[in-house]
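The values are calculated or read from the model by the stated rules, or taken from the named source; none is laboratory data. Source: prediction; values computed, not measured. Please note: Cβ atoms are built from the backbone with ideal geometry, for glycine as well, and neighbour counts cover all protein chains shown.
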Amino acid sequence: MSKTISGTVIEVTPDGDLVTDISVDQLSSVPHDESLKVVVDEEHETFGLFPADHQQPPMTLIAVLGSDNSLRLHLVGDSATMMLGVRKGAPVLLKW
């Protein structure tokens, strides 16, 4: 049976990261590998969780464990909100 965590984008940072209301504490039992699917605004998806010091290539959408204790969606080298059109209030779903 699949497990899920639902949340919402609660803030957009000045550099375009999407900050969610999903805390790092909620992610303690969640796999960090590609078996985790993260969907934002019901149409944009990525797989896995990455630390802030990731080495992912430019223009890759990733879910990042933020230093502020929240899950963030980050577009490497660009603004996730500008490129994807995702705004505050968008739904976020984690599924594994």
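Against the conditions (1) of a type outside the set (Gly, Ala, Ser); (2) more than 12 Å from Val9 (Cβ to Cβ); (3) not in a strand (DSSP E or B), Lys88 satisfies every one except (2). Summed over the stretch 76-96, residues that are crowded, with 16+ Cβ neighbours inside 10 Å and closer than 12 Å to Val19 by Cα total 5. Checking every residue in the stretch 46-55 against the condition of being under 13 Å from Val92 (Cβ atoms) and out of contact with any Gly (no Cβ under 7 Å at 6 or more places or on another chain) gives at least one match. Looking only at the stretch 1-12, residues that are in contact (Cβ under 8 Å) with a residue 12 or more places away in the chain and assigned to a loop (DSSP other than H, G, I, E, B) come to 2 in all.
Residue count for the stretch 16-31, restricted to those that are at pLDDT 95 or above, assigned to a loop (DSSP other than H, G, I, E, B) and over 12 Å from Lys95 (Cβ atoms): 2.
Evaluating Ser67 against the criteria (1) at pLDDT 95 or above; (2) among the polar types (S, T, N, Q); (3) under 19 Å from Pro14 (Cβ atoms); (4) part of a loop (DSSP other than H, G, I, E, B) leaves one unmet condition, (1).
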